[in-house]
Amino acid sequence: MRRGLSAALRFTSLRLRLVLVFGLVALTAAVAVSGIAYWLNREAVLTQTQRAALNDFRQEMGSRAGELPARPTAGELRHAAGQMAASSQHYEVLLLVGEDEGAPAIGGSNVKAFALDDVPSSLREAVDEQQPLTATNRSPYHLFWQRVTIADTPYLVAGTRLIGGGPSGYMLKSLEPEEEDLNSLAWSLAIATGLALIGASLIAQAAATTVLRPVHRLGAAAKRLGEGKLDTRLQVSGTDELAELSRTFNRAAQALEKRVAEMSARDEASRRFVADMSHELRTPLTAITAVTEVLEEELDAETGSMDPMIEPAVRIVVSETRRLNNLVENLMEVTRFDAGTARLVLDDVDIADQITACIDVRAWLDAVELDAERGIMAQVDPRRLDVILANLIGNALKHGGSPVRVAVRTDAGDGTGRGDVLIEVRDHGPGIPAEVLPHVFDRFYKASASRPRSDGSGLGLSIALENAHIHGGEITAANSDEGGAVFTLRLPRDVSEAADVAVDGRQGGAR
């Protein structure tokens with residue numbers, strides 16, 4: 001369903017717009033051409049029919065009506081009108097005389113089909129109006145015509161008057177055959193327009209496919225490039241804009257591959273240097289640690305054999321050696337995370353017991369308040385969970401102040417009973433400054449630039465976060481509304497499906 005919807009959305013993007021534009025252009029052109037063709041044909045058909053009918057009516061008026069006596073009767077007018085209507089043009093005729101005297105004699109070819117009331121008054125006035133004679137106008141009466149619609153049927157009405165007091169004649173010709181022909185022409189043009197639109201749509205579809213195929217290839221290549229397949233290249237053919245775009249993509253991909261390779265090489269060299277340095281430091285550190293342990297025993301001895309003058313220096317050496325040893329261990333742990341070799345050794349752990357053990361071994365029982373019920377089990381790596389807890393609680397004691405409160409609760413999750421475990425570490429200190437909060441998990445970050453040296457290495461929270469991530473969990477930092485900082489550790493209760501579990505625990509790590 002989702003795949004079909006995404007395909008439809010892809011179709012409704014550029015492809016549909018191209019088809020719509022082609023279709024609108026074709027429709028506009030077809031409608032314009034059809035409209036012009038219809039209008040030209042309509043004028044030609046009506047003009048030709050009108051000219052033939054008017055010429056024939058003029059001739060019939062001159063021959064048939066002109067032969068009538070000066071004072072024809074209605075019967076004579078009717079006979080002459082019937083002869084005129086019998087012409088090849090098929091129109092009805094109405095003749096009348098004596099209209100100026102108030103009681104005209106009227107005769108028509110078909111009184112039911114054509115009566116005097118069917119003639120527009122404006123046309124009768126124009127027919128009866130006598131025109132002044134000039135050099136260009138040699139006739140006092142002209143032939144006038146008008147198109148009218150009677151009972152939804154188009155007609156041509158024309159009229160003229162004979163010179164010398166002759167009868168006035170009116171003609172009524174039906175234009176229904178011409179209208180039917182024009183309607184047929186309109187339907188033909190409409191069908192042609194529809195076929196043109198369909199053809200244009202098919203052509204637009206083919207053109208869109210031709211144009212969008214390189215675009216789709218470019219999109220797929222960009223997606224592969226975004227997935228890390230930096231050797232992705234496009235096959236280039238032609239010299240058009242799309243071909244130039246493909247060449248530009250290939251050049252960009254090549255430059256990106258080269259840059260990433262260089263950065264990867266430098267990063268790998270840096271990690272190798274840190275790892276080698278850490279390993280190399282462990283041998284002399286082992287010896288130094290042994291010596292400092294002897295010196296520390298001398299400091300703690302009751303005999304007091306240590307020279308008071310050198311006792312402060314010895315205490316500094318012992319403290320700095322311990323700090324350097326922790327730093328090397330942390331660097332080795334960070335190196336494992338960067339190299340992707342850190343693994344989990346999972347075990348079913350009671351979270352409350354694990355927190356209690358972490359606090360007890362570090363003698364924090366008097367400074368930490370634990371709010372956790374027994375029996376909240378989770379499948380975690382106990383050693384790495386201890387690293388996380390030690391860093392979070394130790395950081396709270398060092399920077400936040402006592403008492404530090406550790407609370408444990410569960411999240412129902414998706415309702416399957418396999419939700420998350422939430423461990424909340426809260427202190428009662430001044431809280432974390434707003435400008436520091438986004439960087440608390442950054443490596444070697446220290447809130448006070450004026451104190452570059454401190455008891456910590458600046459790696460503890462970063463290592464804690466990495467250990468949470470390898471469990472499929474997360475750590476968030478915030479300030480409590482009641483004062484103090486709050487660190488929240490979220491861990492899934494069963495990470496065996498998501499975590500890369502090691503066979504054994506010979507991985508080492510910072511504690």
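Given a 1.4 Å probe and heavy atoms of the protein chains only, how would you sort W187, W39, largest accessible area at the top?
From most accessible down to least: W187, W39.
Is the shape of the stretch 342-419 best called rounded, prolate or oblate, per the rule: a/c under 1.5 gives rounded, else a/b larger than b/c gives prolate, else oblate, with a ≥ b ≥ c the square roots of the Cα gyration tensor eigenvalues?
Judged from the Cα gyration tensor, the stretch 342-419 comes out prolate (a/c at least 1.5, a/b above b/c).
Could you tell me the accessible area of K398 in Å² (1.4 Å probe, neighbours in place), rounded to the nearest ten?
120 Å²
So what is the orientation-averaged projected area of the stretch 82-168, using the convex hull of its C-alpha atoms, in nm²?
Averaging across all directions leaves 6.7 nm² for the Cα convex hull.
Report the FRET efficiency, 1/(1 + (r/R0)^6), for K229 and A434, where r is their Cβ-Cβ distance and R0 is 35 Å, rounded to 0.05.
My answer for the efficiency is 0.30.
What residues have an amide H closer than 5 Å to that of L370, excluding those fewer than 5 places away on the same chain, when H is modeled at 1.01 Å from N in the peptide plane?
Sorted by chain and number, the residues that satisfy this are V406.
Computed FRET efficiency, Cβ-Cβ of S122 and L20, R0 56 Å: what is it to the nearest 0.05?
It comes to 0.70.
For D481 and T149 in one chain, what is 0.36 nm times their gap in residues minus the Cα-Cα distance, to one decimal in nm?
110.8 nm
Can you list residues whose amide H is under 5 Å from L459's amide H, if they're 5+ apart or on another chain and H is modeled 1.01 Å from N?
F444
What are the ³J(HN,Hα) values, in whole Hz, obtained from phi via the Karplus relation 6.51 cos²θ - 1.76 cosθ + 1.60 with θ = phi - 60°, for each residue of the stretch 69-86 in sequence order, with x given for Gly and Pro?
Values, residue by residue: x, 4, 10, x, 8, 5, x, 5, 5, 5, 5, 5, 5, x, 5, 5, 6, 7 Hz.
Picking from V404, A363, G429, whose Cα lies most toward the positive end of the charge dipole for the stretch 358-442 (charges on Cβ: Lys, Arg +1; Asp, Glu -1)?
The residue sitting most towards the positive pole is A363.
How far, in nm, would the chain grow between A265 and A222 when pulled straight, counting 0.36 nm per residue and subtracting the alpha carbon separation?
Separation in residues times 0.36 nm, less the Cα-Cα distance, equals 13.1 nm.
If you rank D381, D117, D181 by how much accessible surface each has, with a 1.4 Å probe, what is the order from largest down?
Sorted by accessible area, descending: D117, D181, D381.
Where the only charges are on Cβ atoms (+1 Lys, Arg; -1 Asp, Glu), what is the dipole of the stretch 63-180 about its Cα centre, to the nearest 20 debye?
420 debye
Could you tell me which residue out of A220, A265, S246 lies farthest along the dipole of the stretch 211-272 toward its positive end? Charges go on the beta carbon: Lys and Arg +1, Asp and Glu -1, centred on the Cα centre.
Going by the charge dipole, the pick is A265.
Once the piece of chain linking I310 and E241 is laid out straight, how much longer is it, given 0.36 nm per residue of separation minus the C-alpha distance between them?
Taking 0.36 nm per residue and subtracting the Cα distance, the gain is 16.9 nm.
Given +1 on the Cβ of Lys and Arg, -1 on the Cβ of Asp and Glu, and no further charges, what dipole in debye does the stretch 99-241 carry about its Cα centre, rounded to the nearest 20?
The dipole magnitude comes to about 1340 debye.
Roughly what would the spin-label model give for T410 and V345, points 7 Å off Cα along C-beta, in nm?
Those two pseudo-labels are separated by 2.7 nm.
At 1.4 Å probe size, put L461, L202, L344, L40 in order of accessible surface, largest to smallest.
L202, L40, L461, L344
The values are calculated or read from the model by the stated rules, or taken from the named source; none is laboratory data. This is a predicted model, so every value here is computed, not measured. Backbone-built Cβ (ideal geometry, glycine too); neighbour counts: all protein chains shown. Areas reflect the complete protein model, heavy atoms only, side chains present, ligands, DNA and RNA absent. Shrake-Rupley method; radii C 1.70, N 1.55, O 1.52, S 1.80 Å.
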